[in-house]
1. Being part of a helix (DSSP H, G or I), of a type in the set (K, R) and loosely packed, with under 12 Cβ neighbours inside 10 Å is the requirement here; does R88 meet it?
2. T129 is checked against (1) modelled with pLDDT of 90 or more; (2) in contact with a Ser or Thr (Cβ under 9 Å, 6 or more places away or on another chain); (3) part of a helix (DSSP H, G or I) and fails just one. What number does that condition carry?
3. Give me the residue from the stretch 10-59 that is farther than 18 Å from L84 by Cα, among the small types (G, A, S) and part of a helix (DSSP H, G or I) and, out of that set, modelled with the highest pLDDT.
Amino acid sequence: MAVYSVHLPVGGASAAADAAFVREGFSGSAFLFGPLFLVWRGFFLAAALWLVAALVVIGLFAAATLSAGAVLFIFFLMHFWLGLEANRLIERRLWRQGYDLAEIVAAPRLEEAEMAFYREIGPSAEAATAAAAAPGPARSAAGVIGSMPEPDRRGAGR
């Protein structure tokens, strides 16, 4: 069973509608794809640091101070570390964007975690979120400026 952290924006009328769910634990996609994962998620500074570290390791290999096995082991460790810390990077970005940790939810899949979270916060928060997102009532055409503001009374003034 996976564990998800739920982050809500501080303030705002539709906080529950803007909830962000982050899966806790090891990130397999970050482990497998490494710097591509960083670029895909928009962590450009981290991707640049990754590139610098990779160039240093390759430079040490080219200078014959590291063996090929050591280079492979270092790259494995870099990918493993990123797999461990990828979700912390996502949570830190949410924190910088003004989100706070609101809840921890355990569920097999993301959809079930979302349902469990919204069920727990109750219908009042969902109704407030729906009311904030729903369009307002249509206004009357009393202030319409034009040749025929009231189409049913076209010939009444003649």
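1. Numbers: part of a helix (DSSP H, G or I): yes; of a type in the set (K, R): yes; loosely packed, with under 12 Cβ neighbours inside 10 Å: no.
It is false that R88 is part of a helix (DSSP H, G or I), of a type in the set (K, R) and loosely packed, with under 12 Cβ neighbours inside 10 Å.
2. Evaluating T129 over (1) modelled with pLDDT of 90 or more; (2) in contact with a Ser or Thr (Cβ under 9 Å, 6 or more places away or on another chain); (3) part of a helix (DSSP H, G or I) leaves (1) as the failure.
3. Ranking the candidates gives A48 first.
Residues are listed down the side, and each one gets a yes or a no for (1) touching a residue at least 40 places away in the same chain (Cβ under 8 Å); (2) on the phi > 0 side of the Ramachandran plot; (3) buried (at least 17 other Cβ atoms within 10 Å of the Cβ):
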{"residue": "A19", "(1), (2), (3)": "yes, no, yes"}
{"residue": "G28", "(1), (2), (3)": "yes, no, no"}
{"residue": "L51", "(1), (2), (3)": "no, no, no"}
{"residue": "I58", "(1), (2), (3)": "no, no, no"}
{"residue": "A63", "(1), (2), (3)": "no, no, no"}
{"residue": "G69", "(1), (2), (3)": "no, no, no"}
{"residue": "L82", "(1), (2), (3)": "yes, no, yes"}
{"residue": "R93", "(1), (2), (3)": "yes, no, no"}
{"residue": "V105", "(1), (2), (3)": "yes, no, yes"}
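The values are calculated or read from the model by the stated rules, or taken from the named source; none is laboratory data. Bear in mind the structure is a predicted one, so any value in this text is a computation, not a measurement. As a convention, Cβ positions derive from the backbone with ideal geometry for all residues, glycine included, and neighbour counts pool all protein chains shown.
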